Each structure stands twice: as structure tokens, then as C-alpha cells.
Amino acid sequence: MTTTAQKKAQANRDTIFLQDGEILAIEEFAGDQFIMRIRAPKCAAAAEPGSFVHITCDESLPMRRPLSIMRVGDDWIEILYKIVGDGLRLLSQKKPGDEVSVLGPIGQPFRMSAERPNTLLIGGGVGIPPMVYIADWLRRSDEDWKPFAILGSEIPFPFELQKSSLEIAGVADEVCSTMPLLESWGIPTRLTSLQGYEGCHNGYVTDLADQWLATLSAEELARVEVFACGPTPMLKAVADLAARYELPCQVSLEEFMACAVGGCAGCTVKIATPDGDAMKRVCVDGPVFDAATVVW
């Protein structure tokens, strides 16, 4: 008799690929942050917004590291990471032309609803990449999406700040700095920080999101859905904010992982289900969950 777990495992077959990926480019930013582009055609072809990869940082380290996908091309993926520990430090020392072992894409993706085209994308720190991926997916879609991104960081942003030419009703004029990539895509974006960066909102991402949501009518709110990724305290605050405005909200959770393919159950979180609370694996049952179901 086939169990539910076995059925889920079978569903993941032929969707996760292991391949040696060639590093195509590396950009370094302040705060020990790096953007790396890797040629990994099978992963790029199957990835969706919210997918992540499990990468071998160095031959000397047997344990892989899970990293969110930020962008995909015809045969490449891009990741953004900040050095935390020896593994990512070793990864940062790689050069274009080097190879890294890539396992992916992994995880349940974000699911956008055409009934709520006004997507609010909230990313904090290394939670920014999945929001960029969603924005890229939306701009390529045939649907009439109207995304608004709010990105926060307490270290220098991994891009040069740019003054936006895209106006956002309900946001103060002095909050004008944006991410150049999203600006070039025509996606309104505003930045937040407590570090006094020029043109950024002085506060948390949820503060600015709250200010913007408060300006919307009931009809406008009915068209909004929230997507978020970042540190757990930020995600809980986003979930609370969405609940207050009665908005659907999906969050991508961050947990330490060993295998990243559901075998070790080392990344479980408590999720409310119709049958009661249950422990779910962030790697394959997530990382994306309905925020209202997460037992914070």
C-alpha cells in the first residue's frame, strides 16, 4: 500500500536534477554579499518562483548549502548569498569557470492568483531573491499583474541604490530609492532600513507595507495578495499584517537543512492542517506555505 509520503516522494521524481554547474559570473557587494550566475540548464528549465538549490560549496565540505534562486535564464540560474560560516566563505572564493555541484530545483513554489493581480512582494535580507524571481515571472506573464515590491536590509543592499521614476500612491515622496533591476522591468519598488540609507524608509518592511495598505479601498484590497521571504520574525510580522487586512499571504520559510530532499526531516516546522497541527518539511512540503497555517 502506497503511503501519502511515498506518493509525495514519487511526485518529486524527475523534477530535481543533479548536475555540475559552471560558474559564469560572480559579483561581490558590501556586507560579504555575492551574486553568482551558474550554468545549470536542467535546473533552469524546471525552476519556479520560490524554488531553491542545494549547492556543494567546496570539495572539502560534504554538506551542501540551500540557496534561493533569484533569476533564471535559458541555461543558467542566479543566486544571492551572504557569507555565513565556512561553506559560503569557500563558495565566495570560487572563480568563473569553476564548477559546483547543483541539486535542484527543490521545493513547492509560490502560486500567484489572477484574481488578485496586485501582488505585494516583501523581501528582507537574503529573502530578497525569491521576490526578484516572482517579479521576473510576473513581468513575463500574459496576465495583467501590478506588483509592488518592498525590500529591506540592515546591511548595504546588494545593488547600487537608484532614485525611482515610478510613483507609488500612498508612499511618501522622500522614500524614493529602488532596486535598479526591478526599476528596469517597470516594477515599482521601495526600500526600507534602520541604517539611514538615502531614499529608504526609516523602519521595517511591515511599517511601509502597513502605510501603503492603509491607503487602499476595500475594492483595491480585494485585489491584493502578499508574498514574503526573510527572517522568521519578519515573516511572522508580515503574516500578522496580512491577517489584520484579511489578505491571503504566502511565505517562504528559512530553516537549516541537511539533505534538502525530505529524507532527514531535519527542517520540520509546525503547520496547522484540517486534521490538527503537523510537522512539515520545509524542503519539500515547503519552503512556501500559507502564512495563516504556520504555527509561529
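Exactly one of (1) charged (D, E, K, R); (2) surrounded by 15 or more Cβ atoms within 10 Å (Cβ to Cβ); (3) in the same structural domain as ILE155 (by TED's automatic domain parsing) is unmet by GLU48. Its number? Unmet for GLU48, out of (1) charged (D, E, K, R); (2) surrounded by 15 or more Cβ atoms within 10 Å (Cβ to Cβ); (3) in the same structural domain as ILE155 (by TED's automatic domain parsing): (3). Taking every residue in the stretch 44-55 that is within 12 Å of VAL284 (Cα to Cα) and pairing it with any residue that is in a helix (DSSP H, G or I) and not acidic (Asp, Glu), at least 6 positions away or on another chain, the pairs with Cβ-Cβ distances below 6 Å are GLY50/PRO130. Taking the criterion of being closer than 22 Å to MET179 by Cα, of a type in the set (Ser, Thr, Tyr) and out of contact with any Leu (no Cβ under 7 Å at 6 or more places or on another chain), the residues of the stretch 46-95 that qualify are SER51, SER68.
Filtering the stretch 275-296 down to residues that are touching a residue at least 40 places away in the same chain (Cβ under 8 Å) and assigned to a helix (DSSP H, G or I), which residue is farthest from GLU254 (Cα to Cα)? Applying the filter and picking the extreme gives ALA292.
This table checks each residue for (1) among the aliphatic types (A, V, I, L, M); (2) assigned to a helix (DSSP H, G or I); (3) crowded, with 20+ Cβ neighbours inside 10 Å.
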| position | (1), (2), (3) |
| --- | --- |
| CYS57 | no, no, yes |
| MET63 | yes, no, no |
| GLU78 | no, no, yes |
| VAL100 | yes, no, yes |
| PRO105 | no, no, yes |
| GLU115 | no, no, no |
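PHE110 satisfies every condition listed in (1) in a loop (DSSP other than H, G, I, E, B); (2) at pLDDT below 95; (3) closer than 25 Å to CYS283 by Cα except (2).
Please verify whether the stretch 237-246 includes one or more residues that are part of a loop (DSSP other than H, G, I, E, B), modelled with pLDDT of 95 or more, assigned by TED's automatic domain parsing to the domain that holds VAL205 and not charged (D, E, K, R). Yes: one or more hits.
In this structure, is TYR197 under 21 Å from PHE52 (Cα atoms) and hydroxyl-bearing (Ser, Thr, Tyr)? Taking the combined requirement at face value, the residue does not satisfy it.
For the stretch 85-95, the criterion of being touching a helix residue (DSSP H, G or I) at 6+ places or on another chain (Cβ under 7 Å) and surrounded by 24 or more Cβ atoms within 10 Å (Cβ to Cβ) is satisfied by no residue at all.
On the basis of being of a type in the set (A, V, I, L, M, F, W, C), in contact with a helix residue (DSSP H, G or I) (Cβ under 7 Å, 6 or more places away or on another chain) and over 25 Å from MET70 (Cα atoms), does ALA272 make the cut? In short, yes.
The values are calculated or read from the model by the stated rules, or taken from the named source; none is laboratory data. These figures come from a predicted structure and were not determined experimentally. With ideal geometry, Cβ positions are generated from the backbone for all residues, glycine too; neighbour counts draw on all protein chains shown.
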